[in-house]
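Here is the structure we will look at, set down as structure tokens.
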Amino acid sequence: MSRLAKSGCLEVVLTGIHLSSYGMDFESDKNVTLIDIIEETDRIEGIERIRLGSLEPLIVTEDFAKRLSKCRKVCPHFHLSLQSGCDRVLSRMNRRYTTEEFTAGVETLRKYFDRPAVTTDVIVGFPGETAEEFAETAEYIKKTGFYELHVFKYSRRRGTAADRMDGQVPDAVKSERSEALLAIDRELSDDYRRDYIGRRVSVLFEEKITFGGIDYIVGFTDTYVRVAVGCEGLDAPKPNSIANVRVTGLLGKEMVIGVAEI
């Protein structure tokens, strides 16, 4: 990663299919874990941001969150895989955590980080999911207050354990439940972004776009809120630069707009 930093890379994303299990397969050093590589990356000169990929809920212990909070470059944007907000469905999915344990992880992150962006994945229509179980999931999502949801409809795969389960949910019901969660997602995301209005944020700018006939340069806060600033003037931020922005309002459905403070 030092070579990436020397080439001008300001942000790195540590990701992988089993990111939380980093180091468990090492033969020479069984004591190396994900938090160790995060701390090592945090010391690399030139890297300004470290973003993490999807984490397993149970990795968020008190010690993990405390050490993570001391890494100055870690972005307070955490994607914890939920899948369902109903313990009975989680059990059928063979997940190794409960909603209570998931909540404990979220609360621990919020203890050590100020207003972190917590995002998640949810599957609707898993075999046997009743209307009451889906309602539990919807209520849990509202109560937890995620920044964003990634909603998926269960897709049947021949030969899997779930394929052999009773109570396969009709596609029409899956679609209805997906739309219901997406509506909750829009409300939660809008509320999270709206709270940035009037605040001063640090933005890593990436690219220029045209929206509504106006040219903007856009980038992301450390919490992954997309920010747009007008391109006019010599003082407009450049791609691959970090600048402070005063957020003035919402722009479209997925962005906020602001004024750069050069």
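Accessible surface computed residue by residue for the chain, with neighbouring protein chains in place and a 1.4 Å probe, gives 54 Å² per residue. For the cross-link pairs Lys143/Lys238; Lys6/Lys143; Lys153/Lys253; Lys6/Lys208; Lys73/Lys142; Lys142/Lys238, the ones whose C-alpha atoms lie over 32 Å apart are Lys143/Lys238; Lys6/Lys143; Lys142/Lys238. Spherically averaged projected area of the convex hull of Cα atoms, the chain: 16.7 nm².
Charged neighbours of Val218, selected by a Cβ distance under 13 Å, balance to -1 (K, R count +1; D, E count -1). Ranked by solvent-accessible area (1.4 Å probe, protein heavy atoms only, all chains present), the residues His18, His77, His150 order from largest to smallest as His18, His150, His77.
Can you tell which of Leu14, Val60, Leu149 lies farthest toward the positive end of the dipole of the chain, using +1 and -1 charges on the Cβ of basic and acidic side chains (Lys, Arg; Asp, Glu)? Value computed over the given set: Leu14. Just for the chain, what percent of DSSP beta bridges are antiparallel, to the closest 5? Roughly 55 percent of the beta bridges in the chain run antiparallel, per DSSP. Here the accessible area of the range 143-202 is 48 percent carbon and sulfur, with a 1.4 angstrom probe and all protein chains present. Rounded, prolate or oblate: which fits the range 45-84, taking a ≥ b ≥ c as square roots of the Cα gyration tensor eigenvalues, rounded meaning a/c under 1.5, else prolate when a/b beats b/c? Cα axes put the range 45-84 in the oblate bin. Using a probe of 1.4 Å, the accessible surface attributed to Asp171 totals some 110 Å² when neighbouring protein chains are kept in position. Given +1 at the Cβ of Lys and Arg, -1 at the Cβ of Asp and Glu and no other charges, the dipole of the range 1-156 around its Cα centre is 380 debye to the nearest 20.
The values are calculated or read from the model by the stated rules, or taken from the named source; none is laboratory data. Being a predicted model, the structure only gives us computed values, none of them experimental. Note that each Cβ is placed from the backbone with ideal geometry, even for glycine, and that neighbours are counted across all protein chains shown. The accessibility values were calculated without ligands, DNA or RNA, using every heavy atom of the protein model including side chains. Shrake-Rupley method; radii C 1.70, N 1.55, O 1.52, S 1.80 Å.
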